[in-house]
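Scroll down for the structure; my scribbles are underneath it.
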Amino acid sequence: MIVARCKEAGLLRENEGWVDYRRIVLRLLLNPSSDLISTILSERQRIGPSERQIGAHIRCGGVLADTHEGTAMITLPILQTIPRLIANLTQRMNNSIKNVTVYVSTDSSYAYDYLVSSLPDLRVVSTTLYQRGHAEFDNDDAVIKRTLIDLFLMSQSNAVILTSSSAFSRIIREMGSYSVYLPIYAPYSHVNFHINES
């Protein structure tokens with residue numbers, strides 16, 4: 001019913017359906033300010049064409065995240081499997097696309113540095129603008145801005161590797177249309193950690 005009405009109103013093309021409707025609604029709800037749109041466009045220009053981009057959303061949580069959490073998704077053993085996953089996907093993509101860039105969105109500087117050092121033959125990039133964190137735990141405007149930048153740049157990827165239990169990964173998947181989508185199986189796991197108070 002909603003899709004049919006959207007088609008009647010000219011909001012959807014005749015060949016578009018429910019998935020396209022959800023993608024449009026998400027983009028409208030998450031519509032960044034004009035200043036942030038300019039920043040996203042500048043980052044896109046710096047990183048290169050989206051057609052050559054593989055996106056990897058690595059949601060760690062736990063002690064690997066820059067802001068430690070009691071729940072982890074991508075743990076160290078899972079993280080150690082990701083370079084091979086990216087390398088295999090890149091080889092697959094290189095058959096049709098040259099000079100692939102891997103854009104990484106993550107809540108963990110450790111995970112990002114690990115991927116850069118583990119994939120020396122690939123161009124692995126991330127935005128350096130604003131603070132890395134998690135919007136639920138870091139109530140900071142800079143974290144929100146970085147989250148939106150990541151969301152829009154990731155959703156433009158030609159292929160994506162996403163964290164299976166992450167809501168952010170699900171939004172990325174809903175917003176984009178990809179030639180290849182690979183999940184990283186990363187169920188929630190409890191982490192014991194103590195915050196040093198000094």
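Here are the numbers for this structure:
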{"quantity": "Surface share of carbon and sulfur [accessible, 1.4 angstrom probe, percent] for segment 45-116", "calculated": "51"}
{"quantity": "Neighbour cut-off at most 14 other Cβ (10 Å), DSSP loop, trypsin sites (Lys or Arg not before Pro), segment 34-113", "calculated": "98"}
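The values are calculated or read from the model by the stated rules, or taken from the named source; none is laboratory data. Just so we're clear, the structure is a prediction, and the values are computed from it rather than from any experiment. So basically every Cβ, Gly included, is an ideal-geometry build from the backbone, and we count neighbours across all protein chains shown. These accessible areas exclude ligands, DNA and RNA; they are computed on the full protein's heavy atoms, side chains included. Shrake-Rupley method; radii C 1.70, N 1.55, O 1.52, S 1.80 Å.
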